[in-house]
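These notes are about the structure you will find just below.
Every read-out reported here was derived from the displayed coordinates using simple, explicitly stated rules and does not represent laboratory data. On a predicted model such as this, the values are computed, not experimentally measured, just so you know. Cβ atoms come from the backbone with ideal geometry, glycine included; neighbour counts cover every protein chain shown.
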Protein chains: 2
Amino acid sequence: METMGRHVIAELWQCDFDKLNDMDFIEKTFVDAALKSGAEVREVAFHKFAPQGVSGVVIISESHLTIHSFPEHGYASVDVYTCGDMDPTIAADYIALALGSQSSEVKELQRGMGPVGAGKTKVTVTA
Amino acid sequence: METMGRHVIAELWQCDFDKLNDMDFIEKTFVDAALKSGAEVREVAFHKFAPQGVSGVVIISESHLTIHSFPEHGYASVDVYTCGDMDPTIAADYIALALGSQSSEVKELQRGMGPVGAGKTKVTVTA
């Protein structure tokens, strides 16, 4: 199996309060996002916090999707990490639209490219 | 609840093959890593792939820890995302040691800092 992966970090702001606080809606949205991307869903785990907020993950054969929502700030912190030929932006865009995000930042990281990477990284080699 | 979080991306290379392929060991390691960091564990979901490899997540009150292991490449792709006063490097270092990683890259991202960030990000504002 290829180690190379694409990891989308999506900071979604100005989302809909009620959607960010609806665990069932978020879980369905994330499973749908995975399936629309062509992913195979393996494990689903979501948690509702009191008084508000939802955290959860969909483990797919091709890596994962996660969310932490902060309804009181209109903010959702979303990760979509895929490997193979999958495009993580399909799921990230679907999620942003579903949550009603009006302002977002999306950053994409390359994962699994080699033992020592370039750029702003801390490298530790112990042997 | 504060949106601000620290997200450690840890690319762990030259890990121990057997440990990377042992789901029970990885699950225990990740729960222990969360607890050693002072996190509160909320959900745990791990999956073993055939012929090899493990994916999994520990959802904590303070965000999440995830892994995708590729035993055949000696590689584990690990994320430790925390909010509040927690230090994600405690868990990341514990995991790297437990998996016998001999070479690693660790990058830390700031999450939840504001609606529009600086640096190499794609910004979309739809309203």
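Karplus-based coupling profile of segment B:86-98, in residue order and whole Hz: 5, 9, x, 5, 5, 5, 4, 5, 4, 5, 4, 5, 5, with θ = phi - 60° in 6.51 cos²θ - 1.76 cosθ + 1.60 and x standing for Gly or Pro. Label point of residue A:35 (7 Å along Cα→beta-carbon): distances to the other copies' equivalent points are 3.7 nm, sorted ascending. Restricting the GluC sites (Glu not before Pro) of segment B:17-49 to loop positions (DSSP other than H, G, I, E, B) with no more than 13 neighbouring Cβ atoms within 10 Å leaves B:40. Among A:99, A:109, A:35, the residue with the largest mean-square fluctuation in a Gaussian network model of chain A, with springs joining Cα atoms closer than 10 Å, is A:109.
One quarter of the surface of the convex hull around the alpha-carbon atoms of chain A equals 8.9 nm², the direction-averaged projected area.
A cut-off of 5 Å between modelled amide H atoms, ignoring neighbours fewer than 5 places along the same chain, links residue B:62 with B:40. Helical content of the protein assembly as shown, expressed as a calculated mean residue ellipticity at 222 nm, amounts to -6500 deg cm²/dmol (DSSP H runs of 4 or more residues, -39,500 (n - 2.57) each, divided by residue number, nearest 500). The convex hull around the C-alpha trace of the protein assembly as shown, projected and averaged over every direction, spans 11.9 square nanometres.
Taking 15 Å as the straight-line reach from the Cα of residue B:107, the aspartates and glutamates in range (excluding those fewer than 8 positions away in the same chain) are A:108, B:11, B:79, B:87, B:93.
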